[in-house]
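*Asks:* The structure's right below; bear with me while I get my questions together.
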Amino acid sequence: MDIPNPGEGDVNIGTSTFQACWVLTAIVGVALLFRYAIKTWVRWALPEVTAPGRIWGTEDLFFLVAWGFDITHMVFIQMSANWGLGRHFFYLTAEERLNSMKWDFLSQPLAVASAMVSRAGMMWFLLTCFAASEKKIRLSIIICAVVQVVVNMVTIVQIIVQCGPNPYQTTNRVQYFHYMWTPLPEDGSVKCQSPSVQTTVGFVQGGFNTVIDFFLAVLAAVELWQFFLRTLHRNPETSFWSQFRKISATVRSRRIWQTITLSGPLILSGCASIVKTYKLKSLGDRHDFTYNIVTFVLWVKIENYSILLASCAPVARLFLRSFVDHRREGRTHGYWSRSRSTDHKEPETELKRRANAKEQWLDSATMTNMTITCVHDEENPPTGWSEHGHERSISQVSKAEIPEHVGDGRVTVKTDIVVQVDDGRSISSGGTRLLPDGGY
């Protein structure tokens, strides 16, 4: 292979880039530690009546495994950098060329696996958020998850089995993987795929990941704003901004936050995937491989970390509301409790919160606890015709009365279920949809 002589001399662009990657890795590690610490606090520190029923979800395992893959990928990249990754291939010794390429190729399956697992965690999180949505919404998320796992697994396999015996025969091609960085036998008994094949596979993988990221971002945004969009559809003469201003300020700010934390990271991941896919041409250019691939690695990290960082947004909101907003209001019993620290003038409120919280995961409860209860605020803002418009907007929750103790030890709880009718269907407490014929 004829290696070109670069005109700029023996420079190293990898040092600052990989330092930035390590900083991102540390930030994500601290963010995930914060996420798990808050969840542990909710489980062990809060009273049983104030804590949600299900703290830990499958997405927690996904995010932890993804970060494990990612930090291992960074260790391999650093090993490659120690041997010359970031410098021009022309100036490296034979040993430096071999080891820098070795550790880089070993890191590539880990990078793909990290992105795949973190996306799977985000999709699982979306399923928990939209568990009460229409079946086609949930099915769309599941299909996206399956497609992205299949595409990324094919990419991982293709990276590992690029080399094999010549002529072709059925064998364990994994044992030929080392020929990606070691010289091929002179007798031609081993053959590796053209670098353009890996580039093509990478383009297909990047295209699927980008489309899925953008699709899920739009899906999440539409689902969060479904009542607002439905109102605009039913009233085409109403302008977007006039209807937007009619939404309660609290609901509006909460919904904007939810949209940013759900759709924003997916959009950022999709954009990073586009840039990364464009940079894939560096994989096909083996003449100056160690120099050209550096920026590709940076965008791989940005793509992976955007979703992992976003996973901490729900618990960050929980933390702020628990320790800032509630302390400002003199409350000390946590996010799911509305009782005062000095007295218990609202005995029924904790029962409400308890009933609601036990049906949701901590993350999805934090992100979507207003999706159902604010239907009235978004579709029909309070007006002068009702003196109790605000009360009506939150009247879906069952109003529990003080229990009556029966002599035989049993407890009878009287409840008054308030049902709100909207477009031929009702929504009862807890978000269960009641059909006109009585079913649900």
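*Asks:* Tally Lys/Arg at +1 and Asp/Glu at -1 over every other residue whose Cβ is under 13 Å from the Cβ of Val65; what's the total?
*Replies:* Value of the local net charge: -2.
*Asks:* If you don't mind, another one. Could you tell me what a quarter of the Cα convex hull surface of region 14-317 works out to, in nm² with one decimal place?
*Replies:* The directionally averaged projection comes out at 20.0 nm².
*Asks:* Moving on. Please report Asp104, Asp213 as a ranked list, fewest other C-beta atoms within 10 angstrom at the top and most at the bottom.
*Replies:* Least crowded to most crowded, the residues run Asp104, Asp213.
*Asks:* Also, quick follow-up: Starting at 0 and stepping by 10 Å, how many percent of the alpha carbon pairs of region 75-225 end up in each bin?
*Replies:* That works out to 10, 30, 28, 18, 11, 4, 0, in percent per bin.
*Asks:* Which FRET efficiency value, to the nearest 0.05, do you get for Thr250 and Ala131 by plugging their Cβ-Cβ distance into 1/(1 + (r/R0)^6) with R0 = 35 Å?
*Replies:* For Thr250 and Ala131, the calculated efficiency is 0.90.
*Asks:* So, one more: Given R₀ = 30 Å, what would the calculated FRET efficiency be for Thr171 paired with Thr200, taking r from the Cβ atoms and rounding to 0.05?
*Replies:* That gives a FRET efficiency of 0.80.
*Asks:* Sorting Glu237, Glu95 on the 10 Å Cβ count, fewest up front, what's the list?
*Replies:* Glu237, Glu95
*Asks:* Calculate the FRET efficiency for Thr295 and Tyr36 from the Cβ-Cβ distance with a Förster distance of 30 Å, rounded to the nearest 0.05.
*Replies:* Efficiency, from the Cβ-Cβ distance: 0.40.
*Asks:* Going highest first, how would you order 189-202, 110-123, 171-184 by mean Cβ packing within 10 Å?
*Replies:* Packing proxy ranking, top to bottom: 110-123, 189-202, 171-184.
*Asks:* Under 12 Å from the Cβ of Leu216, count the other residues' Cβ atoms, weight Lys and Arg +1, Asp and Glu -1, and hand me the total.
*Replies:* So the environment of Leu216 carries a net charge of -1.
*Asks:* Around Val190, which amide H atoms from residues at least 5 apart in sequence, or from another chain, sit under 5 Å from its own amide H, with H modelled in the peptide plane?
*Replies:* Asn166
*Asks:* Could I ask something else about it? Step through the residues of region 63-71 one at a time and calculate ³J(HN,Hα) from phi using the Karplus curve (6.51 cos²θ - 1.76 cosθ + 1.60, θ = phi - 60°), rounding each to whole Hz and writing x for Gly and Pro.
*Replies:* 5, 5, 5, 4, 5, x, 4, 6, 5
*Asks:* Once the piece of chain linking Thr15 and Trp44 is laid out straight, how much longer is it, given 0.36 nm per residue of separation minus the C-alpha distance between them?
*Replies:* 6.1 nm
*Asks:* Just order 160-170, 136-146 by mean Cβ neighbour count inside 10 Å, highest at the front, would you?
*Replies:* 136-146, 160-170
*Asks:* Which value in nm describes the separation of the simple spin-label points at Gln193 and Phe90, placed 7 Å from the Cα toward the beta carbon?
*Replies:* Here the modelled spin labels are 3.1 nm apart.
*Asks:* Just how large is the dipole of region 14-317 about the Cα centre, in debye to the nearest 20, putting +1 at every Lys and Arg Cβ and -1 at every Asp and Glu Cβ?
*Replies:* The calculation lands at about 1200 debye.
*Asks:* Would you order Ile267, Ile260 from fewest to most other beta-carbon atoms within 10 Å of each residue's own beta-carbon?
*Replies:* So the ranking, lowest neighbour count to highest, is Ile260, Ile267.
*Asks:* Moving to a separate point now. Please list 33-42, 125-134 highest first by mean number of surrounding beta-carbon atoms within 10 Å per residue.
*Replies:* Order by mean packing, descending: 125-134, 33-42.
Readers should treat all values here as calculations from the given coordinates under stated rules, not as data from a laboratory. These numbers were taken from a predicted model, which means no experiment stands behind them. Quick reminder, even Gly has a Cβ in these numbers, built from the backbone with ideal geometry, and neighbours come from all protein chains shown.
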